[in-house]
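Below: the structure, in structure tokens.
The values are calculated or read from the model by the stated rules, or taken from the named source; none is laboratory data. Everything numeric in this text was worked out from a predicted model, so none of it was measured. Heads up: the accessible areas ignore ligands, DNA and RNA and are worked out on the full protein's heavy atoms, side chains in. Shrake-Rupley method; radii C 1.70, N 1.55, O 1.52, S 1.80 Å.
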Amino acid sequence: EWPLRPGVLVLMYRDMRLTEVIAQVVCHQSMLPYKTWKSVVWFVCTWLLTVGLVVSVSTSYWLVGPKDSSGVTARFGFIEDCSVTSDNTSTTFSCTGLRTNFQPVLLLVVLGIIGVGVFLLLLLTFLTLIYCFCDQLTACGRSFHTLAGLWQGIASMIILIGIALFPVLWDQEVITNICQTSRIFDLGECVPGFSLYLAVACCFFGYIVAGFSTALDRSTFRVTSFESMESLDTYKQAAY
């Protein structure tokens, strides 16, 4: 049963070849989004974007501090619980595994905002596996690529907000324990680590991928308007 009402804009792919048969078997329709090289590029970039952000959040190199007495470089991350202990003669940097104490509350807020953005991108990335075989109009009348572009843009913006709030933590004990003289917008003895640079780069890359996804709709689909269900059935029979 064709789900569209008369007068609705229908998106259909220009070239229908062997891949259409696969789409019909899997989806019972003639749509296969990742059959062009542009679609494949978007698919790969989406996965690279998500993997990059997961690596950034899960590694402990957001801030890199001075070396301890043993020559080990101190560092800060959201997931791993690391700290510097000192006595009168030496300082020791150590990590005790996954973080269980998310105090102060600001640390939890920043991590929560970044986590929401990363979760949205993870969800979208897994959805790309489904739409790799079965693309169709969504409930709001937009194609998957258009909504995916909006999704990626919003998720990247959320993560950037979390990163922008990160300097507010720099005067808290969880940071000053490693960076010593740090305060808000002043890192003291620390420098930004590759995890922070990777997160910022992935956010801007996310905007590029989002724009590419939206543009992909215009280059891959053509829009056809039908006055009635009879004209739509005639078009389908003539095309397939």
Original post:
To the nearest 10 square angstrom, what accessible area does R75 show with a 1.4 Å probe?
Top reply: 40
Original post:
What does the accessible area of I154 come to, in Å² to the nearest 10, when a probe of 1.4 Å is used?
Top reply: 90
Subject >> ³J(HN,Hα) computed for each position of segment 50-61 - Karplus, 6.51 cos²θ - 1.76 cosθ + 1.60, integer Hz, glycine/proline x >> reply: 5, 4, x, 6, 5, 4, 4, 5, 8, 9, 9, 10
**OP:** Name the long-range amide H neighbours of G193: under 5 Å, sequence gap of 5 or more, or other chain; modelled H, no Pro or chain starts.
**Re:** L63, V64
**OP:** Would you kindly derive the ³J(HN,Hα) couplings of segment 107-123 from the backbone phi angles with the Karplus curve 6.51 cos²θ - 1.76 cosθ + 1.60 (θ = phi - 60°), listing them in order in whole Hz, with x for Gly and Pro?
**Re:** 4, 5, 5, 5, 5, x, 5, 4, x, 4, x, 5, 4, 4, 5, 4, 4
Original post:
Probe 1.4 Å, all protein chains in place: accessible area of T73 in Å², nearest 10?
Top reply: 50
**OP:** Compare T91, T100, T181 by solvent-accessible area with a 1.4 Å probe and give them largest first, with all protein chains kept in place.
**Re:** T100, T181, T91
**OP:** With θ set to phi - 60°, apply the Karplus curve 6.51 cos²θ - 1.76 cosθ + 1.60 along segment 164-178 and write out the HN-Hα couplings as whole Hz, x wherever there is a Gly or Pro.
**Re:** 5, 7, 4, x, 5, 7, 5, 9, 8, 4, 4, 9, 5, 4, 9
